[in-house]
Amino acid sequence: MLYTQPKLFTLEDKTLAPYALRSSQSRGRKFSEVEDLYRTPFQRDRDRIIHSKAFRRLSGKTQVFVSSYGDHYRSRLTHSLEVAQVARDIAVALGLNQDLCETIALAHDLGHTPFGHAGEEAMSEMMARFNDYFEHNEQSRRIVEKLEIKSPDYPGLNLTLETIEGMMKHRKFHDDGKTPVIHSLEAQVVDLADAIAYHHHDLDDGLRSGILKYELISDQIELWRMGEEDLSLPQLGEALYRHMVINRIISLLIHDVIEESSRQLVQGDVLEPLEYPNNTLIRFSERQSARVEELADFLGEHFYLHQKVSSMAARGQKVIKSLFELYSQKDELLPAEIRVQFEAEKRHVVIKDYIAGMTDEFALKIFEEYRDML
Ligand code: MG
């Protein structure tokens, strides 16, 4: 028996929860295309993302540590894969569309600059000089709608509207001007999966690097103590102990999201997919949410602001600003295929797109190459 697209649609109808967004309900793509024989529209989106250049470049981009720091630290690529894993687990348990979750998760960080959030800040500062700004979710959208060229028939990857809207999570707000509108329950799952993934791997990377200390975490962080229960550090050894405690924490958080969200969906009597949910229905329980906040504050203070991390960040910012200035003054240094874009686009936007797309390593290489001119 062949599992063709219509058959996959029927299977989704039978197996997904009533509030899941079915692939057959997709509002489609900006440029219409012939449907794929064996894939749903969201599966096809996922494959287009995986085969994009921007996705491959994530392997060379900083999550917290610059990519050359060590072999076992997370890059933005491994982060995106971990987000996809967590999102799929939550989606399956809630009967949501796991393909859409996976697709949004793999695409959610495409627009990040080199050198992580520090790089984004430096880029925003440079853009402000032109009365413009930089925001990574918007840059992700620009990549999939414009910068990747895969077909003579359309710019970008021509993804479904549901995937694109899911990637734009923080850019639209409810009437209060503060609460972000997160399209679809599937996109809400990815948003929480993102938080679970980075709390989990930043704890791991922070401890592995020696920047975070076990005693301090155990003393200050309730989630850590919950994960530690009945495990012995001397018995297991440092690496295994770290792995097991963090593993327990991530399971605890995933289970909490699944159970609390299910309660919300039942209480709210949600019986159909919500394209613009009024509420964030995919969420931690109140008790767990407070614990996650405690952990987030701790990581902020003891990890992201640690001198070792912030000096890496400062160097990254210097590289981005210097390259931006250099290209603004001497655009002949840009590759020819970048310069032709000046015909259709403002110069500072072309320079921004070029630098934002770089990996850490590539940006550092160019920076060293032009050192005498900077
Ligand atoms: Mg992320």
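The values are calculated or read from the model by the stated rules, or taken from the named source; none is laboratory data. These numbers were taken from a predicted model, which means no experiment stands behind them. Note that we place each Cβ from the backbone using ideal geometry, even for glycine, and neighbour counts take in every protein chain shown.
May I ask you to list pairs of residues, at least six apart or on different chains, whose Cβ atoms are under 8 Å apart, with the first in segment 98-114 being in contact (Cβ under 8 Å) with a residue 12 or more places away in the chain and the second being buried (at least 24 other Cβ atoms within 10 Å of the Cβ) and aromatic (F, W, Y)?
Going by the 8 Å Cβ cut-off, the qualifying pairs are D99/F42; L100/F42; T103/F42.
Considering only residues of segment 310-345 that are more than 28 Å from the chain's Cα centre (by Cα) and among the aromatic types (F, W, Y), which is farthest from L299 (Cα to Cα)?
F342
Looking at segment 151-167, I want the residues that are over 20 Å from D109 (Cα atoms) and have a partner that is in a loop (DSSP other than H, G, I, E, B) and not acidic (D, E) with Cβ atoms under 8 Å, at least 6 apart or on another chain. Which pairs are those?
Going by the 8 Å Cβ cut-off, the qualifying pairs are S151/N158; D153/F31; Y154/K30; Y154/F31.
Hey, R27 hits all of (1) closer than 28 Å to D269 by Cα; (2) modelled with pLDDT of 95 or more; (3) in contact with a Leu (Cβ under 7 Å, 6 or more places away or on another chain) but one; which does it fall short on?
The failed condition is (2).
Determine, yes or no, whether E135 is modelled with pLDDT under 95, out of contact with any Gly (no Cβ under 7 Å at 6 or more places or on another chain) and over 28 Å from L364 (Cα atoms).
Numbers: modelled with pLDDT under 95: yes; out of contact with any Gly (no Cβ under 7 Å at 6 or more places or on another chain): yes; over 28 Å from L364 (Cα atoms): no.
No: the conditions fail for E135.
For N279, work out the one condition from (1) touching a helix residue (DSSP H, G or I) at 6+ places or on another chain (Cβ under 9 Å); (2) among the polar types (S, T, N, Q); (3) more than 28 Å from M167 (Cβ to Cβ) it doesn't fulfil.
Every listed condition holds for N279 apart from (3).
Every residue in segment 364-374 that is surrounded by 14 or more Cβ atoms within 10 Å (Cβ to Cβ) and either in a helix (DSSP H, G or I) or among the hydrophobic types (A, V, I, L, M, F, W, C) (or both), please.
Initially, segment 364-374 is screened for residues surrounded by 14 or more Cβ atoms within 10 Å (Cβ to Cβ), giving 364, 366-367, 370.
The answer is L364, I366, F367.
With respect to the numbered conditions (1) hydroxyl-bearing (S, T, Y); (2) more than 19 Å from E120 (Cα to Cα); (3) at pLDDT 95 or above, which one is the sole condition not fulfilled by T280?
(3)
Mind counting the residues in segment 4-32 that are surrounded by 12 or more Cβ atoms within 10 Å (Cβ to Cβ), among the aromatic types (F, W, Y) and assigned to a loop (DSSP other than H, G, I, E, B)?
Residues meeting the conditions: 1.
Only helices (runs of 4 or more DSSP H) wholly contained in segment 282-363 count here; list those with 3 or more residues that are surrounded by 15 or more Cβ atoms within 10 Å (Cβ to Cβ).
Once the helices (runs of 4 or more DSSP H) in segment 282-363 are filtered for at least 3 residues that are surrounded by 15 or more Cβ atoms within 10 Å (Cβ to Cβ), what remains is 286-299, 307-329, 347-357.
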